[in-house]
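The values are calculated or read from the model by the stated rules, or taken from the named source; none is laboratory data. All figures in this text were calculated on a predicted structure; none of them were measured in a lab. As a convention, Cβ positions derive from the backbone with ideal geometry for all residues, glycine included, and neighbour counts pool all protein chains shown. Each accessible area value is taken on the protein alone, full model and side chains, heavy atoms only, with ligands, DNA and RNA left out. Shrake-Rupley method; radii C 1.70, N 1.55, O 1.52, S 1.80 Å.
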Amino acid sequence: MASIRVTDEPAFVLHSIPYKETSLILDVFTRQHGRMALIAKGAKRPHSTLRPVLQRFQPLLVSWSGKSELRTLTKSEWVGGMPSLVGDALLCGFYLNELLVKFLAREDEYEKLYDRYAETINALSALEESKGLEEILRPFELSLLQETGYAAALDRCVETNEAPIDHGQYVYQPEKGVRPVQADDPGHWPVLSGRSLLAIAVGDFTNPVTLSESKQLMRFLLGLHLQDQVLTTRQILIDLKKI
């Protein structure tokens, strides 16, 4: 396999771990190449030009080379433009990163999801009282589930291919999708109104009922994929009743 060189690729650092005495192994989310594992040689040295740049939740342009699964970072440039995340917004940022690490295979392209991630981090960094954390996180969760194939269409019933009716009651059946409620449906399947389903499908979480029902749906769908895996920051946010 020939060595591959990539230059100035938009990216965010998801996670980093120390490697030997002076280096770091990075898990980065890139726009055109998906999740990549990169070694940043010498990044832990006090005077390394990489050290102050490789921060989470900051937009970067990265370059790398190599032919193995672990490529070598050759350059990283801070793009700027986003304030640092603090408080609950910082916890939410770690939550997003954990989701990406759990859901995304390496080197699969997710341009739409990358753009949604960048929008979400930007919204968290400019968090306003008028828009709560849940309204920011729900669209990202939905995009993640849809882009990775873990969520069926919400604006069509699986049995009839017809749109839900506003005042109808529907369940999300695992591995199939939305259909009208039936008397013998398992109690843990989320029940949503047709109005909420249609709003969620277009990314409209402004209605409190929609927001509440979307929380049940997202927890259910994320749990189906994660199974017994616990996301540390997700559990903290749930315990704090933030998501």
**Prompt:** Can you give the Kirkwood hydrodynamic radius of the chain from its Cα pairs, in Å with one decimal?
**Reply:** 19.5
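Given all pairs of different Cα atoms, what value in angstroms does the Kirkwood hydrodynamic radius of the range 22-96 take? Present the calculation step by step, with values, prior to reporting the outcome.
On the way: mean 1/r = 0.0749 Å⁻¹.
Across the range 22-96, the inverse of the average 1/r is 13.4 Å.
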**Asked** In terms of modelled amide H atoms, which long-range or inter-chain residues lie less than 5 Å from the amide H of Arg35?
**Response** Thr30, Glu107, Asp108
**Prompt:** How big is the accessible area of Glu69 in square angstrom, nearest 10, if you roll a 1.4 angstrom probe over the protein chains?
**Reply:** 120
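With the full set of protein chains in place, find how many percent of the accessible area of the chain is carbon and sulfur; take the probe as 1.4 Å. Spell out each step's value before the answer.
Numbers: 6260 of 12570 Å².
Carbon plus sulfur share of accessible area: 50 percent.
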**Asked** Can you give the relative contact order of the chain as a percent, counting alpha carbon pairs under 8 Å and 6+ residues apart?
**Response** 15
**Asked** How many Å² of accessible area per residue for the chain, probe 1.4 Å?
**Response** 52
**Asked** So what's the range 1-141 giving for Rg/Rh, alpha carbon basis, Kirkwood Rh from the mean inverse pair distance?
**Response** 0.98
**Item:** Pairs of Lys in the chain closer than 20 Å at Cα, counting only those 8 or more apart or on different chains
**Value:** 15
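What is the sum of charges around Ser193, taking Lys and Arg as +1, Asp and Glu as -1, for the other residues whose C-beta is under 12 Å from the C-beta of Ser193?
My count for the surroundings of Ser193 gives -1.
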**Asked** Based on the alpha carbon coordinates of the range 136-205, what radius of gyration and maximum Cα-Cα distance (Dmax) apply, in Å?
**Response** 11.7, 34
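Relative contact order of the range 1-134: what whole-number percent is it, with Cα pairs under 8 angstrom and at least 6 residues apart?
25
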**Request:** At a 1.4 Å probe radius, which order do Val158, Val178 fall into by accessible area, largest first?
**Result:** Val158, Val178
**Message:** Show me, bin by bin at 5 Å from 0, the whole-percent P(r) of the range 200-243 based on Cα pairs.
**Reply:** 5, 19, 25, 25, 16, 9, 1
**Item:** Accessible surface, 1.4 Å probe, highest first, among residues Ile25, Ile4
**Value:** Ile4, Ile25
**Asked** Of Thr30, Thr160, Thr72, which has the most accessible area with a 1.4 Å probe, and how do the rest follow in descending order?
**Response** Thr160, Thr72, Thr30
**Item:** the range 116-220: trypsin sites (Lys or Arg not before Pro) falling in loop per DSSP and having at most 13 other Cβ within 10 Å
**Value:** Lys131, Lys176
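Only Lys, Arg, Asp and Glu count, each charged at its Cβ (+1, +1, -1, -1), so figure out the dipole size of the chain about its Cα centre, rounded to 20 debye.
Charge dipole of the chain: 1140 debye, to the nearest 20.
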